[in-house]
1. To the nearest 10 square angstrom, how much accessible area does B:GLU255 have with a 1.4 angstrom probe?
2. Grab the beta carbon distance between A:LEU148 and A:LEU174, set R0 = 30 Å, and tell me the FRET efficiency rounded to 0.05.
3. Cα axis of helix B:194-208 to longest principal axis of chain B: angle in degrees, 0 to 90, nearest 10?
4. How much solvent-accessible surface does A:LEU82 expose, in Å² to the nearest 10, with a 1.4 Å probe and all protein chains in place?
5. Please list B:TYR67, B:TYR191, A:TYR160, B:TYR120 in order of solvent-accessible area, largest first, computed with a 1.4 Å probe with all protein chains present.
6. Which value, in Å² and to the nearest 10, is the accessible area of B:ASP132 when all protein chains are kept and the probe is 1.4 Å?
7. Per DSSP H run of at least 4 residues, take -39500 (n - 2.57); add these up for chain B, divide by its residues and hand me the 222 nm value, nearest 500 deg cm²/dmol.
8. With n ≥ 4 as the cut-off for DSSP H runs, can you work out [θ] at 222 nm for chain A, using -39500 (n - 2.57) per run divided by the number of residues, rounded to the nearest 500?
Amino acid sequence: MAAPRRQTRRLERFELRGGLLGRYAVRRLVGSVPLLWGIVTLLFILLHAAPGDPMAAFFNPNVSPDVLEQMRRNFGLDQSLLEQYGRWLGNFVTGDFGFSYSRLRPVREVLAEALPNTLWLGATSLVVTFVVGCTVGIVQAVRQYSRLDHGLTFAALSLYSIPTFWLGVVLVLLVSSNAWPAWLDLPISGMQSLDYAELGAWDRIVDRIRHLILPTIALGLSSAAAVARYMRGSMLETIDEDYIRTARAKGLSERRVILRHALANALLPVISLVGLFLPILFGGAVVIEVIFSWPGMGRVMVDAIGARDYPLVLAASFLFATLVIVANLLADLLYAWVDPRIRYS
Amino acid sequence: MTVSPLDFLLPGVRSLGRHPVQGLLTMVAWLTLWALIVLRRGRIVETFSGGAFDEWLAFGSILVGLYIIVRLSRQMKTESPRRSESQRSLAWSRFRRHRPAMLGLGLVSVLAMAALLTPYLAPYDPSIQGADLVATRFRPPSLAHPMGTDHFGRDVLSRVLYGGRTSLAIGTLAVLIAVTLGTLIGAVAGYRRGWVDTVSMRGVDLLLSFPRLVLLITVVALVDPSIAVITLVLGLTGWMATSRLVRGEVLSLREREFVQAARALGFSGPRILLRHVIPNVASPIIVAATLGIGNTILIEASLSFLGLGVPAPAPSWGEMVARGRDAMIEAPWITLFPGLAIVLTVMSFNLIGDGLRDALDPRSAGRGPAPTDRRAVGGAGATRAVGAASGAIGS
């Protein structure tokens, strides 16, 4: 009796993975197209609603009005708003983000260089956030109301209230102070050492990782505190369930009950937090990249604002939003994959 | 108990027997205020000869502060164990037993009072530079300068105090704007449903696709920042989480009997929403707003840190941390104190927010935040309900 049922369930699962999940993925993918369109439109509205003449930066007694008029035409500012909007939309669809005044290079090249660095930093921080957060949350839930639980709750609350930039600055201060042990010395700026080119393959990897440590901690720690709070709540709720009592009644070790039966279910709602924390991490990355001289998109964006390089600012902003949408999509698919219930809704 | 002159000389002293902690705190607050009045009598007198609005505000706050202390100390004595069983007083009594939340409330009161009294409290003018720059800059904390001095010999304590005024004002006002907007949009969307709902919720999805800091940076880059602009922009980029939360609640509330009754009586839509529906969503909104203030202060500080926030002459915590980085090794106090001020402020609001959540929604008490419905707080994800929506994250 038991065997055939298991088989049908396996079949069902197989069918779900191929069929429903695929359909769900397509549906969500199509759903994000209007979202992207909305983002491009919003940026256009922002650019044109902003007070001031976009040409103001070029006003100069030495520039003749004819030249200005010519530049205005070159930028397409003499066309109607609708025409400008059409061109704007077309450019974004084809991936042509214009020319960066401050770097004198196409915006696309600048961002293509910076994007992987930001993704790199974001990915390690995301992993740290969830690994640390979930571990702490589980420990707290298992030892509910113990001194350890209270201590960790307080620590999480403090970390959660610490601004990312200040944590970064304090970490730099700590590492560069005299009291810091020399053997633990960590680089505080850039992605690689000056002599990176002369290092061997293994040393290069070590060098990269060493440069990642401080920015990752600064970026991920406060989100980890938030994840810990959720994980604790989710775990406590799961521990109350009947199936956990059953697992205990079967005589399983507490370790097995927690790590296999409870954890799998408690993790489900926490996975859905990935999409929630990604915008926060990317937003924090802007600040962290500035502090640790990390050559990513956030730093590009802040530098571009200093130089009033609007095409670069808007394109970076668009790319950040796109990243969030894509990441959300992946998080939702991951969630639908681990929790079949979601696919039916 | 009868009124005795002691209530006005030293409020709290007669409660020491029954409520030692509260009595002691009342006395401390009372004595601190009087100490301030005595020590700063010069400045208070100056207020009457052509004081600016700030000074009058501070003067008024002293009077109100003294009055509140007297009132509280009298209430403490006459209070019966429980006067009513209304939801509100039940929640209030739960909140009062929540120690971390009461700590947060106390800290926020102190911070708010410090912000209001800054013109009297601050030992120096925040923008006055030392007369002899070489001798007065980078002085470590001392009695004359409890938090040291910065690059220009300016007093860090005074700057932290003035920076706190800006931060608290911006945080509170921006959240007020955000919560009002979010409640209205969410309530209308949930109540009207149909295309209104679709359009506004797609708008929410759209705005939530941006990391909030990135959206803010983009807007601020295009508009020259001033305190008013920053407040407005923070308010306009912070309403989405609240509106999702409110919409979700309203969707279920609109089917309840009392709303149907109101509709059957022929009340207008706005009246039903404002009088019958929105008051019933008050608790999650209050929690979201409290947690939102802390969050907004964090974001504002990040913006100032990047040099895109409150413009230069006005001191702000984020800007102080950023400027202090240049001299971090020789003068760490310039970065440390404003940072600690941010942490303390944000933590106080978070403590209150947690306490309010536990008090207003007893089911979640002691559990920390419930696993959240993602639609309510952020992410353009699929609909899913994973427990009670708690809202207010999403920065």
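The values are calculated or read from the model by the stated rules, or taken from the named source; none is laboratory data. Source: prediction; values computed, not measured. Note: ideal-geometry Cβ built from the backbone for every residue, glycine included; neighbour counts use all protein chains shown. Heavy atoms of the whole protein, side chains included, go into the accessibility calculation; ligands, DNA and RNA do not. Shrake-Rupley method; radii C 1.70, N 1.55, O 1.52, S 1.80 Å.
1. The accessible area comes out at roughly 90 Å².
2. Working: r = 25 Å, r/R0 = 0.83.
The formula returns an efficiency of 0.75 here.
3. Result, in degrees: 40.
4. The value for A:LEU82 is about 140 Å².
5. Details: B:TYR67 135, B:TYR191 25, A:TYR160 50, B:TYR120 0 Å².
From most exposed to least exposed: B:TYR67, A:TYR160, B:TYR191, B:TYR120.
6. Estimated to the nearest 10 Å², B:ASP132 gives 90 Å².
7. Working: 17 runs with 255 residues, N = 395.
Theoretical 222 nm ellipticity from helices: -21000 deg cm²/dmol.
8. Values: 13 runs with 243 residues, N = 345.
Using -39500 (n - 2.57) per qualifying helix, the result is -24000 deg cm²/dmol.
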